[in-house]
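Notes to accompany the following structure.
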Amino acid sequence: MLGDLEVNRIGFGTMRLPQTGEALIADAVPRDRDQAVAVLRRAVELGVNHFDTAAFYFSRLLSANELINRALAPYADDVVVTTKVGPGRDASGEWEQHARTPAQLRGQVEENLRQLGRDHLDVVNLRVVGEDSVAERFGALADLRAAGLIRHLGLSNVRPHQLAEARAIAPVVCVQNAFGLGSAPAQARFLRECGEQGVAFVPFYAIAGTGRTAGAGGGGEQGYAPDGTGDGAVRAVARAHGVSAAQVRLAWSLHQGPHVLAIPGTGDLDHLAQNVAAGAVRLSARDLAALDAGAEGAAG
């Protein structure tokens, strides 16, 4: 659940959809528009109803929001689109200073509304960098929620004290942090704390790690491990189940709690089908122990 919105646990992250290769860089190569639209529509056919996006997800020719609008509008009643505000990029794709004032945040919300063709946004995550107070910015978004422009609020790339600060202002339905096999113990504790508070935890980089997407969203991912952590154990479990290593990593993240959602992204139809199928991979207690031990061994 994202507030009162029910979503399937395997969602779709659109960060890489507008381009091929490295994500969120100024000279990214645009993806074929029809291919990207086909992937989004196929995701819906496979049962995906949770799409993660942002106005700053774009290449020279395509934006994730525009692709979602083209592929999914008019939106089905059960489709939930989650976006985020805070970071900004100029027309050339270079990063700008994060939005901090109520006027700047409202401008980003209105830009997402325009691009998506919506009269309100289902969920807006405030993307945070550093340990600064979130009160003023989250309060500005809470005002937009009260005005009917936003249905639910969330946070991205935050620490526990920032979640507590935000929850004192308005309900928080989700935390979206970098997390995967080999993440720092503090981040695993935070994941559990979110579940205890009824807050969905939505990990990104659950497959790839931060090494391939450094700087996405303007910096500073919290508590993630390098690419390839625990690869030997992952490959062994994958062989035993007849699935890919990426599917094992996704399944592992979902096994961390019933409040955990996944938002893997891809521009490939075959990879999309594999990502969705990962939701059906059932890992045993022995599998989970082997994966955790492998990650700890690699970290050590």
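Things worth noting here:
- Fewest-first sequence of 244, 183 by Cβ atoms within 10 Å of each Cβ: 244, 183
- For the stretch 121-175 and the stretch 1-36, distance of Cα centres in Å: 22
- CD proxy at 222 nm, helix term only [per DSSP H run n ≥ 4: -39500 (n - 2.57); per residue of the chain; nearest 500]: -11500 deg cm²/dmol
- Remark: relative contact order (the chain) = 19 percent; criterion is Cα-Cα distance under 8 angstrom and separation of 6 or more residues.
- Amide H contacts for residue 80 (H built 1.01 Å from N in the peptide plane; partners 5 or more residues away or on another chain; cut-off under 5 Å): 50, 51.
- The ranking of 10, 169 from fewest to most other beta carbons within 10 Å of each one's beta carbon is 169, 10.
- Of 137, 70, the sequence from fewest to most neighbouring Cβ atoms within 10 angstrom is 70, 137.
- Converting phi to 3J(HN,Hα) with the Karplus coefficients 6.51, -1.76 and 1.60 and the offset θ = phi - 60°, the stretch 250-264 yields 5, 4, 4, 5, 5, 6, 7, x, x, 8, 8, 10, 10, 9, x Hz in sequence order, with x at every glycine or proline.
- Structure-derived Cα extents along the principal axes in Å - corresponding label in (1) 52, 47, 40; (2) 55, 49, 36; (3) 52, 43, 36: (3)
- Inter-centroid distance (Cα atoms) of the stretch 235-278 relative to the stretch 59-84, Å: 23
- The phi-based Karplus calculation (6.51 cos²θ - 1.76 cosθ + 1.60; θ = phi - 60°) puts the 3J(HN,Hα) values of the stretch 274-285 at 5, 4, 5, 5, 4, x, 9, 6, 9, 8, 7, 4 Hz, whole numbers, x for Gly and Pro.
- For residue 206, residues with placed amide H under 5 Å, excluding near neighbours: 179
- Sequence-distant residues sharing a close amide H with residue 20 (under 5 Å, placed H): 29, 31
- Whole-Hz Karplus values for the stretch 190-195 come out as 4, 4, 5, 4, 4, x Hz, taken residue by residue from phi with 6.51 cos²θ - 1.76 cosθ + 1.60 and θ = phi - 60°; glycine and proline positions read x.
All of the numbers you see were taken from the coordinates with simple rules; none came from a lab. The shown structure was predicted, so the numbers you read here are calculated from the model rather than taken from an experiment. Here the Cβ is made from the backbone with ideal geometry for all residues, glycine too, and neighbour counts use every protein chain on show.
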